[in-house]
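To keep things clear, I will list the structure first and then write my remarks on it.
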Amino acid sequence: VTLRSLTLVSVEEELVIPTAVELLAPYPNPFNSTTTLGFVSPDHRRVRLRILNMLGQEIACIFDGQAEPGRTTVSWNTSSSATGMYFVVLDSETNRRARKLILLK
C-alpha cells in the first residue's frame, strides 16, 4: 500500500471593498425564463434596478429603494416578456451602469 502525502495550501481571498455601486453580470445570460441580477453597494445608498427594452422603454422595475452594504441579488421572471434583447440598468446616487440581457424562449 502506497500512501501519498498531501500538502494543504492556504488560499487567501483578497477583500475588495467597492467605492461605488457596481452592477454584477446577470446569470444565466442568455436565459430562458428567469435570470438573477445583482449589485454590490459600499454603504446604504438609494438604488434603482430597471429592465429596458431595445427602444429604451422601461418594462420592469426590479429594485427601487435603499440598498444595504454588500451584495444584493434579485430574480427577473420573464413570463410576460417576448424573446429578444433587453438591458438591465442600475442607477444610484453616484453612477449608472448597464448590461445586455438576451431572453430566449
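The values are calculated or read from the model by the stated rules, or taken from the named source; none is laboratory data. Quick caveat: nothing in here was measured; it's all calculated off a predicted structure. What goes into the accessible areas is simple: the full protein's heavy atoms, side chains included, and nothing from ligands, DNA or RNA. Shrake-Rupley method; radii C 1.70, N 1.55, O 1.52, S 1.80 Å.
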Check your understanding: Rounded, prolate or oblate: which one fits the stretch 21-105, using the alpha carbon gyration tensor with axes a ≥ b ≥ c (rounded when a/c is under 1.5, else prolate when a/b beats b/c, else oblate)?
Key -> prolate
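Sorted by accessible area with a 1.4 angstrom probe, largest first, how do Glu68, Glu93, Glu22 fall?
I get Glu93, Glu68, Glu22, largest accessible area first.
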Study note, to complete from the structure: Sequence order, the stretch 46-61: Karplus ³J(HN,Hα) from phi using 6.51 cos²θ - 1.76 cosθ + 1.60, θ = phi - 60°, Hz rounded, Gly and Pro as x, gives 6, 9, 10, 10, 10, 10, 10, 8, 5, 8, x, 7, 6, 10, 7, 10
**Study point:** Interchain or long-range residues, amide H under 5 Å from Arg45's placed H
**Key:** Ala67
Practice item. Compute, for Arg45, the solvent-accessible surface of its heavy atoms (probe 1.4 Å) with the complete set of protein chains present, and express it in square angstrom to the nearest 10. Key: 20 Å²
Exercise for review: Calculate what fraction, in whole %, of the accessible area of the stretch 38-99 sits on carbon and sulfur atoms when a 1.4 Å probe is rolled over the protein chains.
Suggested key: 46 percent
